[in-house]
1. Please pick out the residue among 351, 317, 325, 387 that is in contact (Cβ under 8 Å) with a residue 60 or more places away in the chain and closer than 23 Å to residue 244 by Cβ.
2. May I ask you to verify whether residue 366 is more than 30 Å from residue 136 (Cα to Cα) and within 16 Å of ligand 1 (Cβ to nearest atom)?
3. Under 24 Å from the mean Cα position of the chain (by Cα), in the same structural domain as residue 266 (by TED's automatic domain parsing), within 16 Å of ligand 1 (Cβ to nearest atom) and closer than 29 Å to residue 143 by Cβ: is that true of residue 321 in this structure?
4. Could you grab me the full set of residues in the stretch 427-436 that are surrounded by 13 or more Cβ atoms within 10 Å (Cβ to Cβ) and out of contact with any Asp or Glu (no Cβ under 6 Å at 6 or more places or on another chain)?
5. Among 178, 156, which is the only one that is open to solvent by 50 Å² or more (accessible area, probe 1.4 Å), of a type in the set (A, V, I, L, M) and closer than 26 Å to residue 427 by Cα?
6. Scanning the stretch 17-42 for residues that are charged (D, E, K, R) and in contact with a Lys or Arg (Cβ under 9 Å, 6 or more places away or on another chain), which turns out surrounded by the most Cβ atoms within 10 Å (Cβ to Cβ)?
7. Given the conditions (1) open to solvent by less than 30 Å² (accessible area, probe 1.4 Å); (2) under 30 Å from residue 409 (Cα atoms); (3) of a type outside the set (D, E, K, R), and given that residue 347 satisfies all but one, which numbered condition is not satisfied?
8. (1) surrounded by fewer than 16 Cβ atoms within 10 Å (Cβ to Cβ); (2) touching a strand residue (DSSP E or B) at 6+ places or on another chain (Cβ under 6 Å); (3) under 30 Å from residue 265 (Cβ atoms): which one isn't true of residue 3, the others all being true?
Amino acid sequence: MIDRTYTGDVTPEMDGETVAIAGHVHELRDLGGLVFVIVRDREGLLQAVFKEDREPALFEDAEDLGAEDVVRIEGEVTESGQAPGGVELVPESLELIDEADAPLPLEISKDVEADLSTRLDNRGIDLRQPEVKAIFTLKSVLMDAMEDWFEREGFVDVDTPLISKGGAEGGAELFPVVYYEEEAFLSQSPQLYKQILMASGFDKIYETGTAFRAEDFATSRHVSEIAMFDVELAYIEDHDDVMDVQEESLRYALEQVAEHAEHELDELGVDLTVPDEDFPRITFDEALDILEDEFGHFPDDPTDLDTKGEKLLGEYFEEQGHPAFFVVGYPDEKFYYMQNVEGDDIASRKFDLIYKGQELSSGGQRQHDVDAMREMMQAEGVDESNFEFYLDALSYGTPPHGGYGLGIDRLVQQVCDLDNIKEAILFPRDPNRLAP
Ligand code: ATP
Ligand code: MG
């Protein structure tokens with residue numbers, strides 16, 4: 001490895017020590033007889049000050065540098081009141097490792113706002129910006145914490161296939177692929193496989209995976225390739241057990257972000273509040289009542305909440321100090337949800353988690369009685385023959401179970417207060433974007 005110290009590790013207490021830093025030339029300031037070279041690495045920025053009368057040869061080389069060149073500078077750490085971070089380097093050597101072409105397709109050091117489409121066209125350059133990179137270091141902390149929670153709670157980390165004969169739900173949202181001589185589809189959800197694993201006795205599982213949705217519309221919260229966090233657990237009493245898992249794991253992950261991604265939150269200008277009280281759990285009917293009474297809003301589809309409805313409910317609960325809440329009991333749900341249960345005052349045991357006014361996950365208690373499921377499929381006009389492998393696997397004894405699928409990109413979008421979900425994805429895919 002090339003010998004170097006991260007800029008973030010160079011502190012005023014190291015005054016007088018010699019260190020080497022390596023990174024991109026973030027900014028050059030030529031003041032005549034004096035050149036400031038500000039070097040950027042993963043951890044931040046550090047300036048080296050080249051003086052013509054102190055180190056004439058190095059000074060000349062520094063004057064020839066260009067923005068985004070990759071350099072290694074060795075020098076003496078010097079405490080300095082004026083330098084950002086309170087410290088700078090007095091250079092002893094300067095090595096140009098790789099020269100950058102000019103001009104750059106995007107400005108990195110200057111505060112010039114490019115539109116998202118231009119940024120994504122040049123994503124490799126765009127990701128050099130510290131406030132953009134911060135999103136992904138934060139995401140790493142967030143998902144580490146999430147997985148950590150599930151590991152500690154005894155959930156097994158699984159992987160399910162991404163190519164199958166049919167989809168979890170079928171429909172127009174599937175991407176077809178040519179699989180040898182056959183038509184197959186990219187996975188839209190690990191749903192069916194998670195349930196099979198419950199029948200197989202895995203008891204508690206989680207999967208950090210990928211789902212594909214051929215949405216034919218581009219919105220600020222939909223993409224075609226999604227990072228998904230899926231969970232399933234068995235021997236539950238009802239959907240509340242599933243919501244408990246969702247709530248506790250999310251709270252823990254957010255706490256860890258608040259504690260270990262302080263620098264990133266700072267960079268993004270996000271004031272993250274971790275919901276410490278219980279997340280409210282309201283029924284679907286209560287949600288409709290709030291929308292009608294408080295906002296005079298009626299969702300177009302009376303069996304679902306629309307984007308505006310979720311946003312308004314988000315405002316309503318945010319005002320009461322609850323950024324996250326569950327809506328429970330959506331009517332007319334898909335065949336694999338437990339529904340129309342005698343004694344229930346809700347239509348189904350399906351819930352959505354809404355965080356900062358946007359759906360983050362859907363889940364609930366599943367139907368584990370195959371006969372009841374077949375009846376639902378017939379009522380919904382679902383072709384059972386596409387699901388025989390699944391119905392068959394569940395026929396030989398299946399414990400009551402439930403779970404959810406959490407959209408990781410949406411979670412990152414909401415935690416980082418990003419306008420568009422694509423900002424939360426390194427190389428996003430949507431109906432109009434297949435490169436880079
Ligand atoms: P929506 O109604 O918001 O389109 P959905 O109810 O169709 O989402 P689910 O099938 O419930 O989505 O998927 C579970 C989670 O996956 C969602 O709550 C969301 O966080 C995420 N998700 C689903 N579709 C997309 C998408 N196209 N882009 C990004 N995230 C998605
Ligand atoms: Mg949903």
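The values are calculated or read from the model by the stated rules, or taken from the named source; none is laboratory data. Because the structure is predicted, anything quoted here is derived from the model rather than measured. In this analysis, Cβ positions are derived from the backbone assuming ideal geometry, glycine residues included, and neighbour counts consider all displayed protein chains. When the accessible area is computed, the model is the full protein with side chains, heavy atoms only, and any ligands, DNA or RNA have been set aside. Shrake-Rupley method; radii C 1.70, N 1.55, O 1.52, S 1.80 Å.
1. 351
2. Considered against the rule, which asks whether it is more than 30 Å from residue 136 (Cα to Cα) and within 16 Å of ligand 1 (Cβ to nearest atom), residue 366 comes out as yes.
3. On the way: under 24 Å from the mean Cα position of the chain (by Cα): yes; in the same structural domain as residue 266 (by TED's automatic domain parsing): yes; within 16 Å of ligand 1 (Cβ to nearest atom): no; closer than 29 Å to residue 143 by Cβ: yes.
Judged against the criteria, residue 321 is not a match.
4. Passing the criteria: 427, 428, 430, 431, 433.
5. Answer to the selection: 178.
6. Filtering the stretch 17-42 for residues charged (D, E, K, R) gives 17, 27, 29-30, 40-42.
After this cut, where a residue has to be in contact with a Lys or Arg (Cβ under 9 Å, 6 or more places away or on another chain) as well, the list is 27, 40-42.
Values: 27: 16, 40: 22, 41: 18, 42: 11.
If we take residues in the stretch 17-42 being charged (D, E, K, R) and in contact with a Lys or Arg (Cβ under 9 Å, 6 or more places away or on another chain), then 40 is surrounded by the most Cβ atoms within 10 Å (Cβ to Cβ).
7. Checking residue 347 against (1) open to solvent by less than 30 Å² (accessible area, probe 1.4 Å); (2) under 30 Å from residue 409 (Cα atoms); (3) of a type outside the set (D, E, K, R), the one that fails is (1).
8. (3)
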